[in-house]
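To start, the structure under review is shown below, and the notes come after it.
The values are calculated or read from the model by the stated rules, or taken from the named source; none is laboratory data. Everything numeric here is computed off the predicted structure, so don't read it as measured data. Methodologically, a virtual Cβ is constructed for each residue, glycine included, from the backbone with ideal geometry; neighbour enumeration extends over all protein chains shown. Accessible surface is based on the protein model in full, side chains and every heavy atom, while ligands, DNA and RNA are left aside. Shrake-Rupley method; radii C 1.70, N 1.55, O 1.52, S 1.80 Å.
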Amino acid sequence: MKNNKSLFKLQCPAPKFDFDIITLSHGSGGLLTNQLLESGVFDLLKNEKLDKHHDGAMLEFNGSVAFSTDSFVISPIVFPGGDIGELAVNGTVNDVAMCGAIPQYLSLSFILEEGLPISRFWDILVSIKYAADKARVIIVTGDTKVVDKGKGDKIFINTSGLGAVHPKAAIDIDNICAGDKIIASNSIATHGIAILSVREGLEFESDIESDTCNLNHLTTALLDAFGNGIHLFRDPTRGGVAATLNEISKERNLGILLQNENIPVEGQVKAACEILGLDPLYAANEGVFMAFVAADIADKVVEILHQFEESSKAAIIGEVTEEHNGKVLITNQMGGTRVVHIPVGEQLPRIC
Amino acid sequence: MKYLTEFRNPELAKKVLKEIESTITRPWKIMEVCGGQTHSLVKNGILTVLPKQITMLHGPGCPVCVTPLHLIDKAVYLALEKEVILCSFGDMVRVPGSVKSLLEAKAAGADVRILYSPLEAVNIAKENPDREVVFFAVGFETTGPSNALSVLHAQKLGLTNYSILTSHVLVPPAISALMEDPDAQIDAFLAAGHVCSIMGYWEYLPLAEKYKIPIVVTGFEPLDLLLGILAAVKQLEKGQHKVENQYARMVREGGNVEAQKIVNRVFETGDQMWRGIGTIPGSGWYLKKEFTAYDANRKFTIELEKANENAECIAGDIMKGIKKPYQCPQFGKNCTPQNPLGAPMVSSEGACAAYYNFSTMIEEIKLT
């Protein structure tokens, strides 16, 4: 998959711009804005909706539509395994997919900081194109603004996404019931630890790469096979699995019981968490979702997920219970139990 | 993951638990000194599986918790008023000072950086010759060598813009202070494995003798803790009071001699104020006179009014093991990790935060 990405990037060399860095004029709507868009951006993201150059896109849908939006302000903007461009596409694609929908259209808005090298901007655009192609979505409308140096941090991206709800989907938090199994689609905490490994002042050497990827093909495969047996999808991004499961248990006033030994965490990620004193349950994910499914189909769901590279480590990690309403509990093989609380803020490394 | 998975083996843990159950005949109060041990006891649910006769008391070994309020205020002052690059270990930045935490100072525009190692702060000083860089050198004996080394390193590089704000606390004097406190009732100690990996355990031999109390040097994994508890219970049941070393894979009697040499070159002992507990004689490390140039306390003129602790916080009683976090009327109500009244609710190693974050039915179990 990594090779595909490198190959794709080689196939999209930067066009020749008359400028090396982004200036305030690029966001003014005048000639330079035009130059920036015409000399590359429109070509790269080309599709029939965007080609109209209207202020907005006109789209056709039959039936229910899912709609989501997200802003991306991460630092560093390039990290092991991805960059802010890929994240901006995958993040919104996945949010639409979590509604049981098939993502189709994205909007794309940039807030650029004056002084950003054009070459970096182009790299991010190419990543956006790569991720959009892979997720089979098209960018149909967008916007570019530039702020004074120091008023932003290189590049902020907002994307919104639209998709038709899968005809067999019945995703609703109210459909969750005691006995439901909770499935993690892949190893958790990989993205959070990959980002941390390159954070200034906290750098450590590792091969850990972000898991950022689109998940819509996985959710579609599950909905095709099981329809309303799938009760809920959620992607545990910021705040990690702990925050996501706590929100769900509080919202429905049901208990959640996890089995520590069944939660998939990659060896290197586990080791990094040990050294840094972090808990994988609280680390961010960008290529993992949680599925709440009827108990009788849980094993088959995992079987299907195992057929895909992005979900080869899928596992049943726990279940919904009638006890401990509103709480997430985790047990270990020793028989000990603890509460998994909602995180306060970012996890901070411990002193010793 | 050698040395970790083995010490988390649930089958072995169950065996040790059984042995504790069959050895114990009466109630005992055992204090784990280190916050890392508290964190592990609660995180692994060990408190929920121990026999009811055992009461674990959570000791003062959380460096974040015992760092005096006025030092946090100083760090905030240096960051905001003196515009230094203030470098700190991660869990220190959220601890509330009397006005602000370092994290809030950062939000207000201060240059606060979270690091793993003080040596990284020396690099920052090297790269920013026109800025003052201060490392908030907090910790027990464990972080002493690296904090001391950072000073030697800066000296070797000829840096004049690096200094440390020290709040170093030492375990043995704290054990003495706890044993002298008439309110504290402790039958045995689990000594902190990491501290002993640096300092060894020779300092504990006279303490065990003087106070007739078993001291078991203990690690941090579930099996370490259970074996430490088992060793303590065995001694208590037999009426013994020895120093034992459960954490032999890391700890030697003499400790890490090279690390101690570095510490002794840079630091000298002095009286130290422990937040929530008070001043304990000879329980702190301070930079020696010859390193005054690296002492942020002396380098900067710091004018601060004396700050008072929140009167509703009973951190002292918690850290002396006199009260449990859930016996505090503020616990989980006016005092939560989002809105902590005192330091034990901030650090993940603080007893209050550990109970708040991880405990489930501990209240019910221990109160019945």
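Quickly run through the stretch B:29-53 and pick out the residues that are loosely packed, with under 15 Cβ neighbours inside 10 Å and either on the phi > 0 side of the Ramachandran plot or among the charged types (D, E, K, R) (or both). Reasoning before the result, please.
To start, the set of residues in the stretch B:29-53 that are loosely packed, with under 15 Cβ neighbours inside 10 Å comprises B:52-53.
If the condition is that a residue be loosely packed, with under 15 Cβ neighbours inside 10 Å and either on the phi > 0 side of the Ramachandran plot or among the charged types (D, E, K, R) (or both), then B:K52 is the only one that fits.
The conditions are (1) surrounded by fewer than 23 Cβ atoms within 10 Å (Cβ to Cβ); (2) farther than 18 Å from A:E247 by Cα; (3) polar (S, T, N, Q), and A:T190 fails exactly one of them. Which is it?
Here A:T190 meets the rest and fails (1).
Taking B:N123 as meeting all but one of (1) open to solvent by less than 50 Å² (accessible area, probe 1.4 Å); (2) within 13 Å of another protein chain (Cβ to nearest Cβ); (3) assigned to a helix (DSSP H, G or I), write down the number of the exception.
Going through the list (1) open to solvent by less than 50 Å² (accessible area, probe 1.4 Å); (2) within 13 Å of another protein chain (Cβ to nearest Cβ); (3) assigned to a helix (DSSP H, G or I), B:N123 breaks only (1).
So which residues in the stretch B:126-155 are open to solvent by less than 10 Å² (accessible area, probe 1.4 Å), over 21 Å from B:C62 (Cβ atoms) and within 13 Å of another protein chain (Cβ to nearest Cβ)?
Within the stretch B:126-155, just B:V133 meets the criteria.
For the stretch B:300-320, does any single residue satisfy the condition of being over 20 Å from B:I175 (Cα atoms), part of a helix (DSSP H, G or I) and more than 14 Å from every other protein chain (Cβ to nearest Cβ)? Don't jump to the end; show me each part of the working.
Of the residues in the stretch B:300-320, the ones over 20 Å from B:I175 (Cα atoms) are B:300-313.
Checking which are part of a helix (DSSP H, G or I) leaves us with none.
Within the stretch B:300-320, not a single residue is over 20 Å from B:I175 (Cα atoms), part of a helix (DSSP H, G or I) and more than 14 Å from every other protein chain (Cβ to nearest Cβ).
Residues that are in a loop (DSSP other than H, G, I, E, B), open to solvent by 90 Å² or more (accessible area, probe 1.4 Å) and within 30 Å of A:D148 (Cβ to Cβ): does the stretch A:30-51 have at least one? Write out each step before concluding.
Just the residues of the stretch A:30-51 that are in a loop (DSSP other than H, G, I, E, B), to begin with: A:30, A:45-49.
Filter once more, keeping what is open to solvent by 90 Å² or more (accessible area, probe 1.4 Å): A:46, A:48.
Next, from what is left, pick out any that are within 30 Å of A:D148 (Cβ to Cβ): none.
So far as the stretch A:30-51 goes, no, none of its residues is in a loop (DSSP other than H, G, I, E, B), open to solvent by 90 Å² or more (accessible area, probe 1.4 Å) and within 30 Å of A:D148 (Cβ to Cβ).
Is the stretch B:39-47 home to any residue that is of a type in the set (A, V, I, L, M, F, W, C), within 13 Å of chain A (Cβ to nearest Cβ), within 21 Å of A:R338 (Cα to Cα) and more than 26 Å from the chain's Cα centre (by Cα)? Even if it seems obvious, please write down each step before you answer.
Keep residues of the stretch B:39-47 that are of a type in the set (A, V, I, L, M, F, W, C), which gives B:41-42, B:46-47.
Checking which are within 13 Å of chain A (Cβ to nearest Cβ) leaves us with B:41-42, B:46-47.
Now drop any that are not within 21 Å of A:R338 (Cα to Cα), which leaves B:41-42, B:46-47.
Next, only the ones that are more than 26 Å from the chain's Cα centre (by Cα) stay: none.
Among the residues of the stretch B:39-47, not one is of a type in the set (A, V, I, L, M, F, W, C), within 13 Å of chain A (Cβ to nearest Cβ), within 21 Å of A:R338 (Cα to Cα) and more than 26 Å from the chain's Cα centre (by Cα), which makes the answer no.
Within the stretch B:53-72, does at least one residue satisfy the condition of being among the hydrophobic types (A, V, I, L, M, F, W, C) and in contact with a Phe, Trp or Tyr (Cβ under 7 Å, 6 or more places away or on another chain)? Spell out the reasoning first.
Going through the stretch B:53-72, the residues among the hydrophobic types (A, V, I, L, M, F, W, C) turn out to be B:54, B:56-57, B:62, B:64-66, B:69, B:71-72.
Right, trim to in contact with a Phe, Trp or Tyr (Cβ under 7 Å, 6 or more places away or on another chain) and you get B:54, B:66.
Yes; the residues of the stretch B:53-72 include at least one that is among the hydrophobic types (A, V, I, L, M, F, W, C) and in contact with a Phe, Trp or Tyr (Cβ under 7 Å, 6 or more places away or on another chain).
Can you tell me which of (1) open to solvent by 80 Å² or more (accessible area, probe 1.4 Å); (2) closer than 30 Å to A:I230 by Cβ; (3) modelled with pLDDT under 95; (4) not in a loop (DSSP other than H, G, I, E, B) is the one A:E60 doesn't meet?
(4)
Suppose we keep only residues that are more than 9 Å from every other protein chain (Cβ to nearest Cβ) and touching a strand residue (DSSP E or B) at 6+ places or on another chain (Cβ under 6 Å) within the stretch B:86-104. Which one would you say is nearest to B:S163 (Cα to Cα)?
Looking only at the stretch B:86-104, we keep the residues that are more than 9 Å from every other protein chain (Cβ to nearest Cβ), and these are B:86, B:88, B:95-102, B:104.
Filter once more, keeping what is touching a strand residue (DSSP E or B) at 6+ places or on another chain (Cβ under 6 Å): B:86, B:88, B:102.
On the way: B:L86: 10, B:S88: 12, B:L102: 17 Å.
Only one residue fits best here, namely B:L86.
Limited to the stretch B:204-229, what total is found for residues that are open to solvent by 10 Å² or more (accessible area, probe 1.4 Å) and more than 14 Å from every other protein chain (Cβ to nearest Cβ)? Break it down into steps so the answer makes sense when it comes.
So in the stretch B:204-229, the residues open to solvent by 10 Å² or more (accessible area, probe 1.4 Å) come out as B:205-207, B:209-212, B:220-221, B:223, B:227.
From what's left, more than 14 Å from every other protein chain (Cβ to nearest Cβ): B:205-207, B:209-212.
Looking only at that region, the number is 7.
Being open to solvent by 20 Å² or more (accessible area, probe 1.4 Å), assigned by TED's automatic domain parsing to the domain that holds B:A125 and modelled with pLDDT of 85 or more: is that true of B:Y326 here? Spell out how you get there, then give the answer.
Details: open to solvent by 20 Å² or more (accessible area, probe 1.4 Å): yes; assigned by TED's automatic domain parsing to the domain that holds B:A125: no; modelled with pLDDT of 85 or more: yes.
Answer is no for this residue.
Can you name the strands (runs of 3 or more DSSP E) wholly within the stretch A:96-200 that have at least 1 residues being more than 23 Å from A:N216 (Cβ to Cβ)?
Here the list reads A:101-113, A:138-147, A:155-165.
Please give the number of the condition B:G254 fails out of (1) out of contact with any strand residue (DSSP E or B) (no Cβ under 6 Å at 6 or more places or on another chain); (2) open to solvent by 40 Å² or more (accessible area, probe 1.4 Å); (3) not polar (S, T, N, Q).
B:G254 satisfies all of (1) out of contact with any strand residue (DSSP E or B) (no Cβ under 6 Å at 6 or more places or on another chain); (2) open to solvent by 40 Å² or more (accessible area, probe 1.4 Å); (3) not polar (S, T, N, Q) except (2).
Would you mention how many residues in the stretch B:258-285 are assigned to a strand (DSSP E or B), at pLDDT 95 or above and open to solvent by 80 Å² or more (accessible area, probe 1.4 Å)?
Total satisfying the criteria: 4.
With respect to B:I20, is the statement that it is closer than 19 Å to A:R338 by Cα, modelled with pLDDT of 90 or more and open to solvent by less than 10 Å² (accessible area, probe 1.4 Å) true?
Numbers: closer than 19 Å to A:R338 by Cα: no; modelled with pLDDT of 90 or more: yes; open to solvent by less than 10 Å² (accessible area, probe 1.4 Å): yes.
It is false that B:I20 is closer than 19 Å to A:R338 by Cα, modelled with pLDDT of 90 or more and open to solvent by less than 10 Å² (accessible area, probe 1.4 Å).
Would a scan of the stretch B:81-94 turn up a residue that is at pLDDT 95 or above and part of a loop (DSSP other than H, G, I, E, B)?
Yes, the stretch B:81-94 contains at least one residue that is at pLDDT 95 or above and part of a loop (DSSP other than H, G, I, E, B).
Name the residue, out of B:R26, B:R94, B:R8, that is assigned by TED's automatic domain parsing to the domain that holds B:N297 and either of a type in the set (G, A, S) or open to solvent by 10 Å² or more (accessible area, probe 1.4 Å) (or both). If you could, list the steps in order and put the result at the bottom.
Values: B:R26 fails: assigned by TED's automatic domain parsing to the domain that holds B:N297; B:R8 fails: assigned by TED's automatic domain parsing to the domain that holds B:N297.
Step by step, each of B:R26, B:R94, B:R8 is checked, and only B:R94 is assigned by TED's automatic domain parsing to the domain that holds B:N297 and either of a type in the set (G, A, S) or open to solvent by 10 Å² or more (accessible area, probe 1.4 Å) (or both).
Given the conditions (1) assigned to a helix (DSSP H, G or I); (2) surrounded by fewer than 23 Cβ atoms within 10 Å (Cβ to Cβ), and given that B:Q185 satisfies all but one, which numbered condition is not satisfied?
(1)
Checking the structure you have, find out if any residue of the stretch B:2-11 is touching a strand residue (DSSP E or B) at 6+ places or on another chain (Cβ under 8 Å), of a type in the set (A, V, I, L, M, F, W, C), part of a helix (DSSP H, G or I) and more than 8 Å from chain A (Cβ to nearest Cβ). Please lay out each step first, then the result.
From the stretch B:2-11, those touching a strand residue (DSSP E or B) at 6+ places or on another chain (Cβ under 8 Å) are none; that's our starting set.
Within the stretch B:2-11, none of the residues are touching a strand residue (DSSP E or B) at 6+ places or on another chain (Cβ under 8 Å), of a type in the set (A, V, I, L, M, F, W, C), part of a helix (DSSP H, G or I) and more than 8 Å from chain A (Cβ to nearest Cβ).
From the residues in the stretch B:290-320 that are in contact (Cβ under 8 Å) with a residue 60 or more places away in the chain and touching a Pro at 6+ places or on another chain (Cβ under 9 Å), which one is nearest to B:C62 (Cα to Cα)?
The extreme case among them is B:M319.
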